[in-house]
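See below for the structure under consideration.
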Amino acid sequence: MSRSRIVIVGAGFAGYQAARTLSRRFRGAAEIVLVNPNDYFLYLPLLPEVSAGVLEPRRVSVSLAGTLRGVRLVLGEVDGVDLESRKITYVDPEGGSGELRYDRLVLTVGSVNKLLPIPGVAEHAHGFRGMPEALYLRDHMARQIEMAAATDDEAESDARCTFVVVGAGYTGTEVAAHGKLFTDALAKQHRRAGTGLRGDRVPRWMLLDIAPRVLPELDERLSKTAHRVLTGRGVEVRTGTSVKEATKDGVLLDDGDFIRTESLIWCVGVRPDPLVEDIGLPSEKGRLVVDEYLQVPDHPEVFACGDAAAVPDLTRPGEYTPMTGQHAVRQGKAVARNVAASYGYGQRRPYKHHDLGFTVDLGGLQAAANPLRIPLSGPVANAVMRAYHLAALPGNRVRVAADWLLDAVLPRQAVQLGLVRSWSVPLESASPETAHPVPVRSSKPSDPAEAGGTKKPTEE
Ligand SMILES: Cc1cc2nc3c(=O)[nH]c(=O)nc-3n(C[C@H](O)[C@H](O)[C@H](O)COP(=O)(O)OP(=O)(O)OC[C@H]3O[C@@H](n4cnc5c(N)ncnc54)[C@H](O)[C@@H]3O)c2cc1C
């Protein structure tokens, strides 16, 4: 008789933990299959450090085959779930298609960039949800400083040295905090080398949010620390402000200000992976509805958790757990326990977790943290944050620590490799984890993005 097959779709925080816990529980008694477009687990919280050149990209990419024993990895992006015949279909990285039957299905497909219906944003902004976008941003920042140094046109140089981040949640705040330090360091290198960058030219960073404070979803004390560090560093924090329109020359804010820029970084949040809607099961704001056992109602063989699932928050009745790595990791372990229980191994248990606090990486030796609700800032918070990330990373710890050490004593490596193009990381993408191999066609035929670019043709 063939072994029972448990298929996990998505190897992020939740899927990785689910696969690891299941392989340890079953020890070969069931076949555990993990379907993911990439062969690595991406540790998203350290992605801003990749875009700022502190960490090399592979440090935050933990090999699935190298760390998940007893788990069969299938490279592919699932594009269909047939609940009747218990099969999934997927497209592999070379465009081939495949299908897999399952006895239990665990959906952990995470989330993608959230778009707002603002004219020009889809064409001119880039998101920050995956490795290709982080690598694109790193190159883009270096290129802007290099091209600002090369031009005699003051207005162009100003625009190239202006960076606008929209969304002051933890992603936008960390991107702006790290980006400012990175571009300041690049500008300094150029001035020292006498490459043409005007002596008083300091990169200008703006962080916008419609909310009244940065980190609106977190403890107010973390907001105050982040605000102080950002403004002290020269980042213009504009709360209660949003974007009215984006054009190829810059952004029009809702207060009437027009900011000339080549860099619009969109961090307004995330929405669940569109695969959830495609499956056709009940959803809540795009998240698949599950019960407190992480099981889909009326489909006892289907489980879901992480960003893609609306998991009842038993600590706040009537609400769903927030989309955080902290919850996704624990839900991954809980779902594995409950899947095992469905085979008679142990008892199923409802998911319940009280938030343990948050850490926000502000670059350099700065951070804001509130472990167990104790507010911390400065180097102490930074040490707590780094210790937390090292403990949470399922691999590459020595390499990450080595990069941090090297960054403390050596100047940043400021070169652009140019491997990720603007058109290969469109903001509106169902798979931010992979760079698009060909320009993505826009739904609007007259859209300039259709020509393959989201920015000016001079860009790449
Ligand atoms: C820059 C950044 C910083 C963050 N910092 C923090 C932090 O400090 N603390 C914190 O708690 N949270 C943080 N988060 C949020 C946290 O990363 C997410 O909540 C967490 O990743 C959600 O886990 P998940 O497993 O649901 O999804 P993900 O980790 O996103 O994993 C989803 C996986 O599914 C795969 N996938 C998607 N679609 C398909 C498909 N169709 N077929 C197959 N595979 C698919 C993806 O490739 C991916 O591997 C941060 C997020 C970002 C973007």
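Observations on the structure shown:
- All positions within segment 323-339 that are crowded, with 24+ Cβ neighbours inside 10 Å, among the β-branched types (Val, Ile, Thr) and near the ligand (Cβ under 8 Å from one of its atoms): none
- Residues satisfying the stated conditions in segment 246-258, i.e. in contact with a strand residue (DSSP E or B) (Cβ under 8 Å, 6 or more places away or on another chain) and either in contact (Cβ under 8 Å) with a residue 40 or more places away in the chain or within 15 Å of Thr162 (Cα to Cα) (or both): Ala246, Asp249, Gly250, Val251, Leu252, Leu253, Phe258
- For segment 69-123, a residue qualifies if it is more than 16 Å from the ligand (Cβ to nearest atom), assigned to a loop (DSSP other than H, G, I, E, B) and either more than 22 Å from Val425 (Cβ to Cβ) or of a type in the set (Lys, Arg) (or both), and the qualifying residues are Arg69, Gly70, Glu84, Ser85, Arg86, Asp103.
- Residue within segment 161-173 that is in contact with a helix residue (DSSP H, G or I) (Cβ under 6 Å, 6 or more places away or on another chain), in contact (Cβ under 8 Å) with a residue 12 or more places away in the chain and closer than 28 Å to Tyr16 by Cβ present: yes
- Matching entry among Arg201, Arg191, Arg213, Arg160 (being buried (at least 24 other Cβ atoms within 10 Å of the Cβ) and charged (D, E, K, R)): Arg160
- Residue within segment 234-245 that is under 21 Å from Ser429 (Cβ atoms), in contact (Cβ under 8 Å) with a residue 60 or more places away in the chain and assigned to a loop (DSSP other than H, G, I, E, B) present: no
- Whichever residue in segment 170-212 is in a helix (DSSP H, G or I) and of a type in the set (Phe, Trp, Tyr) and, among such residues, is farthest from Asp153 (Cα to Cα): Tyr170
- Residues in segment 274-318 that are more than 15 Å from Pro350 (Cα to Cα), acidic (Asp, Glu) and either within 10 Å of the ligand (Cβ to nearest atom) or in contact with a strand residue (DSSP E or B) (Cβ under 9 Å, 6 or more places away or on another chain) (or both): Glu277, Asp278, Glu284, Glu301, Asp307.
- Boolean, Ile32 is more than 13 Å from the ligand (Cβ to nearest atom) and either of a type in the set (Gly, Ala, Ser) or modelled with pLDDT of 95 or more (or both): yes
- Within segment 245-273, the residues that satisfy the criterion of being within 15 Å of Ala122 (Cβ to Cβ) and surrounded by fewer than 20 Cβ atoms within 10 Å (Cβ to Cβ) are Glu245, Thr247, Lys248, Arg271.
- Among the residues listed as Ala149, Ala65, the single one being closer than 30 Å to Gly363 by Cβ and either surrounded by fewer than 24 Cβ atoms within 10 Å (Cβ to Cβ) or at pLDDT below 95 (or both): Ala149
Rundown of residues vs (1) under 14 Å from the mean Cα position of the chain (by Cα); (2) at pLDDT 95 or above; (3) more than 22 Å from Pro57 (Cα to Cα); (4) in the same structural domain as Leu419 (by TED's automatic domain parsing), yes/no style:
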| residue | (1), (2), (3), (4) |
| --- | --- |
| Glu154 | no, no, yes, yes |
| Phe182 | no, yes, no, yes |
| Val202 | no, no, yes, yes |
| Leu208 | no, yes, yes, yes |
| Ala211 | no, yes, yes, yes |
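- Just one of (1) within 11 Å of the ligand (Cβ to nearest atom); (2) modelled with pLDDT under 95 fails for Val50. It is (2).
The values are calculated or read from the model by the stated rules, or taken from the named source; none is laboratory data. Because the structure is predicted, anything quoted here is derived from the model rather than measured. Note that each Cβ is placed from the backbone with ideal geometry, even for glycine, and that neighbours are counted across all protein chains shown.
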